[in-house]
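One structure is given here, and the rest of the page talks about it.
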Amino acid sequence: MSAARSHPRRAGAIRWGAVLFLIGFAILLLAIISYCLIPGMKAALHATDEEKRHLVAWYRLLLAVVLLILFSGLMLTFRVGRFFLPRPTPAPTRTEYVDAWAESAKRMKVISEDPGNDAADGDKSDRSDDEDDAAAG
């Protein structure tokens, strides 16, 4: 899953791009059938052998173009190229593990038994981390 996506894709999610492409392709196919194939079939009834060979060549070319559009459109819609030319992924970063006991010791407040000693009560708000390390070490 990429970091650019804000939500993960569900397994059964509809690919709307593919649905729209297939609807558009169906409309294109209906237009080709009604404006090209049906008039060509009517013309082929009264055509000579030479004209029929020309019609066959024309429709083979039309079939090749239509199949090329369908195949390339589906490849672009489903992004099949990601399987053959994957994008380079950055190297994984090494996780730095923090010692939980050391962290809790830094945050712990020490209660002194001497009521007059305010410096030992664990209030370190006025000292920096460097002074804390020097005082502890």
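Read-outs throughout are calculated quantities, based only on the coordinates presented, and are distinct from any laboratory measurement. Worth saying up front: this structure is predicted, and the values here are computed from it rather than measured. Every residue, glycine as well, gets a Cβ built from its backbone with ideal geometry; the counts of neighbours run over all protein chains shown.
For this structure, a couple of remarks:
- For M108 and R87, a Förster radius of 35 Å and the Cβ-Cβ distance give a FRET efficiency of 0.15, rounded to the nearest 0.05.
- With R₀ fixed at 25 Å, the C-beta to C-beta distance from L29 to V80 puts the FRET efficiency at about 0.70.
- Whole-Hz couplings from phi, Karplus 6.51/-1.76/1.60, listed for segment 92-107; x for Gly and Pro: x, 7, 7, 6, 8, 9, 9, 6, 5, 5, 5, 5, 5, 5, 5, 8
- A simple packing score, the average count of other Cβ atoms within 10 Å per residue, orders the peptides 104-114, 74-84 as 74-84, 104-114, with the highest score first.
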